[in-house]
1. Considering only residues that are of a type in the set (G, A, S) and more than 15 Å from L110 (Cβ to Cβ), look in region 40-58 and name the one that is surrounded by the most Cβ atoms within 10 Å (Cβ to Cβ).
2. Return the residues of region 145-157 that are over 14 Å from the mean Cα position of the chain (by Cα) and farther than 15 Å from W64 by Cα; say none if nothing qualifies.
3. Any residue at all in region 76-84 that is in contact with a His (Cβ under 7 Å, 6 or more places away or on another chain) and surrounded by fewer than 21 Cβ atoms within 10 Å (Cβ to Cβ)?
4. Those residues that are closer than 24 Å to P91 by Cα and of a type in the set (V, I, T), I need them from region 105-162; list them, please.
5. Among the residues of region 135-161, which ones are surrounded by fewer than 16 Cβ atoms within 10 Å (Cβ to Cβ) and in a loop (DSSP other than H, G, I, E, B)?
Amino acid sequence: MGFSQPAGVDVGTMIGLLLTGSDDRRDTNLARRAYSELRQTGTLSCVWTGKTLTEFDVDHVIPWALWRNNDLWNLVPADPKVNNQKRDRIPSRNRIIDRKHALAKAWDILFDTEPVMFTMHARNFVGQSAPKAYGNELREALFTTFKDALEFTASTRGADRW
């Protein structure tokens, strides 16, 4: 069975369409809304420093420039100065391990706000072995997959570490 080109579409246009992502925006609105509610209560903390935030950025832990991924598990609250220092670098394995509790807290916040979407994003990322419901087991599987993805991305893309 071979490829048949649709009538009226040239090969260059077809290749362009195939290479274009479905959504090329840094859409962090869902995460921003969830974190904003906590900021107003004075209980939002920077994932990287633990500092209570009055202003915050939504950080793509695996940088947008490398993955173009807006899945909720990849979006965490960060102090704007710290996020600017991190920029498009990938956190070191030790930093991720040290901040595991803060990452899990951010994930819990997002799950509480968008349970269906967060669970879908987490399960899709973890893969077929993912537990069906969000809880300790899925959170641990997500963290393990997350750590491994950071290492894989850093090594295959030659990304700077932070």
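Each value in this text was obtained by applying a stated rule to the coordinates, not by laboratory testing. In this text the structure is predicted, and so the values were computed from the model without any measurement. Here the Cβ is made from the backbone with ideal geometry for all residues, glycine too, and neighbour counts use every protein chain on show.
1. G50
2. Passing the criteria: E151, F152, S155, T156.
3. No, region 76-84 has no match at all.
4. Matches in region 105-162: I109, T119, V126, T144, T145, T153, T156.
5. Listed by number, the residues that qualify are G135, G158, D160.
Yes or no, residue by residue, for (1) out of contact with any Ser or Thr (no Cβ under 7 Å at 6 or more places or on another chain); (2) without any contact (Cβ under 8 Å) to a residue 24 or more places away in the chain:
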site: K86; (1), (2): yes, no
site: F125; (1), (2): no, no
site: R139; (1), (2): yes, no
site: T145; (1), (2): yes, yes
